[in-house]
Amino acid sequence: MLIILDISAVNWTAFGETIPAMFALTFFGVLHVPINVPALGISTGEDNVNVDRELVAHGVTNALSGFAGSIQNYLVYTNSLLFIASGGESRLAGLMLAGATAGIMVIGPVIIGYIPVMVVGALIFLLGIELLQEALVDTWGKLTRLEYLTVVIIVLTMGTWDFVAGIFIGILLACVNFVVQTSRKSAIRATFSGETAGSTVRRPPIQQQFLHEAGQQTLIIKLGGYLFFGTIVNVESTMRGLIEEEAFDRRPIRFLILDFSRVYGLDFSAAEAFTRINRILKKRNVQTAISGLNIEGDVGKSLQNVGLFEPESGVPIFEDLNSALEFCENDYLKVFYSRQEALLTPTEPSTPATIVQVPVPVPESQPISDTIVSSPRGQYLQRVATTTIREHETAIMASPAWSAMRQPLPLLLQTFQGLSTQNEDFWFPACAYFTRESYPAGEVLYYEGDAPRAFYLLESGMLRAGYDLPQGRYFELIVAGRPCGELPFFSDTRRTATVKAERDCVAWCLTGGQWKVLQEKEPRIARELLTVSLKLTTERMDSITS
């Protein structure tokens, strides 16, 4: 059987007009709740406003109303405000209003004919004037020019064209306003150099001095907020300015660390911008590093999708800024050691070496920076290394005499170098109070909150001190030749960190019992140890705050 449907009589114009109207009704039915409910709460001084609860209530009631074939549930801001101002603040008043409305629906629209037209007109004018006053007069001087212009355009659009069109235009203008306002705020929260910010690795004074000067070639940029096409422009222009010819000649940069710890999102255009920035920096042999980034998070996945973490990009990622700074410092120290070895080699066979190398271990790393000595950056590092070694030449010359002594005297002299003016004759009696201990990798020396049992001088290996504070977590690496646990031990307070052996370690320990004996038999040495411990604490605080 062939069935032919004649659709020529269908009113397609009315059908086409119905669909936008239905969409507008649905859209506004959802949108009016987050707009009108907070506005009504502000106008009435109600602080306990739960928009989520109101959305659920409107959704349930509208569903029930739709099944019953009734009208839409809609919160009219002006009518509600007028009703509350008239004394309808109780639940009973709401029930009475609902009952009266139901009665009118039963009786029908006949009752409306008994209401004077003048009263209805006056009410409409009153509500309109109040709304205009609240929108245009009360907001004068409270909003920015762009925000106030948005309000005026919305009022004019709703009054001259269409109410739903005014809502759409208002949303569009609000998005434009957001982009403009956000673009004016820089996503760069702070900028530091490696001269100011350093890692918490406890290193010998000669390394600390060298790294302080060499840190000028490290730049740390802390980013924050949501990065999108509006805010990334300023970030990209700032980084491009760093490698312009004049700026780069004035301050050559070897490492650029981007800290993402305060970035909570970015769009595709911002992620692509970082790949462009990395390509530009690589042409200048500037190593880009990223810190404070969770690879599995939204920001990490966005950067990964644009190929920033591919092997050819050469961008290392670190858990925190401290690890990134340590990575850069280890690369600088390789230049320092190469220069020290060069100074060890005599220019003529008959010329004795004037500088003796003091082997001080550094944490392992995989640096990815240029090593061109002839470059301005390389020449600067060579000059800084030479100057640092020359300034410590007297102390370095003393190392052969130290190496001939039995431990822990050489370790005491090396650890307290620059912190005490006393010589080996003064420190020799203290050696009898230290005992040698070995700790395999992974063994915990003490836990946070433990009572201090010993003060440690690390002869070889590496220790890791982890701090778990309410403000956050951080760690310190302690290399050979540095002390550990001095402040809680000498102040007789609880341990503030958990320390474990990062590698196989050999340490010389001063226990609590031996410390009491030392105070009784060698009071001068005890006082000097206390003075040195205070200086070490100051040194550590400077490192942590940087």
Do you know which residues across segment 494-538 are of a type outside the set (Lys, Arg), without any contact (Cβ under 8 Å) to a residue 12 or more places away in the chain and open to solvent by 30 Å² or more (accessible area, probe 1.4 Å)?
GLY513, GLN519, GLU520, PRO523, LEU534, THR538
In segment 269-291, the residues that are under 20 Å from ASN322 (Cα atoms) and either in contact with a Leu (Cβ under 6 Å, 6 or more places away or on another chain) or among the hydrophobic types (A, V, I, L, M, F, W, C) (or both)
VAL286, THR288, ALA289, ILE290, SER291
Would you confirm whether or not segment 243-258 contains a residue that is surrounded by fewer than 16 Cβ atoms within 10 Å (Cβ to Cβ), part of a loop (DSSP other than H, G, I, E, B) and among the basic types (Lys, Arg)?
yes
Can you find a residue that is closer than 30 Å to SER323 by Cα and β-branched (Val, Ile, Thr) anywhere in segment 148-171?
no
Applying the selection to segment 259-273, what residues are open to solvent by less than 10 Å² (accessible area, probe 1.4 Å) and under 15 Å from ILE221 (Cα atoms)?
ASP259, PHE260
List pairs: first in segment 53-66 and in a helix (DSSP H, G or I), second open to solvent by 60 Å² or more (accessible area, probe 1.4 Å), Cβ under 7 Å, 6+ apart or cross-chain?
ASN62/GLN72; SER65/ILE71; SER65/GLN72
Determine whether ARG184 is within 24 Å of ILE232 (Cβ to Cβ), open to solvent by 90 Å² or more (accessible area, probe 1.4 Å) and in contact with a strand residue (DSSP E or B) (Cβ under 7 Å, 6 or more places away or on another chain).
no
Residues located in segment 56-100, provided they are more than 19 Å from LEU40 (Cα to Cα), open to solvent by less than 70 Å² (accessible area, probe 1.4 Å) and of a type outside the set (Gly, Ala, Ser)
THR61, ASN62
Do any residues in segment 109-131 that are in contact (Cβ under 8 Å) with a residue 12 or more places away in the chain have Cβ atoms under 7 Å from those of residues that are aliphatic (A, V, I, L, M), where the two are at least six apart or on different chains, and which pairs are they?
LEU127/LEU82
Within segment 211-231, how many residues turn out to be among the hydrophobic types (A, V, I, L, M, F, W, C) and under 17 Å from ARG284 (Cβ atoms)?
2
Within segment 318-369, restricting to residues that are outside any loop (DSSP other than H, G, I, E, B) and open to solvent by 60 Å² or more (accessible area, probe 1.4 Å), the one that is modelled with the lowest pLDDT is GLU341
Scanning for something open to solvent by 60 Å² or more (accessible area, probe 1.4 Å), of a type in the set (D, E, K, R) and either in a loop (DSSP other than H, G, I, E, B) or within 30 Å of GLY230 (Cα to Cα) (or both), does segment 125-136 turn up at least one residue?
no
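The values are calculated or read from the model by the stated rules, or taken from the named source; none is laboratory data. Quick caveat, the model's predicted, so the values are computed rather than measured. For neighbour counting, all protein chains shown are included, and Cβ atoms are generated from backbone atoms with ideal geometry for every residue, glycine included. When the accessible area is computed, the model is the full protein with side chains, heavy atoms only, and any ligands, DNA or RNA have been set aside. Shrake-Rupley method; radii C 1.70, N 1.55, O 1.52, S 1.80 Å.
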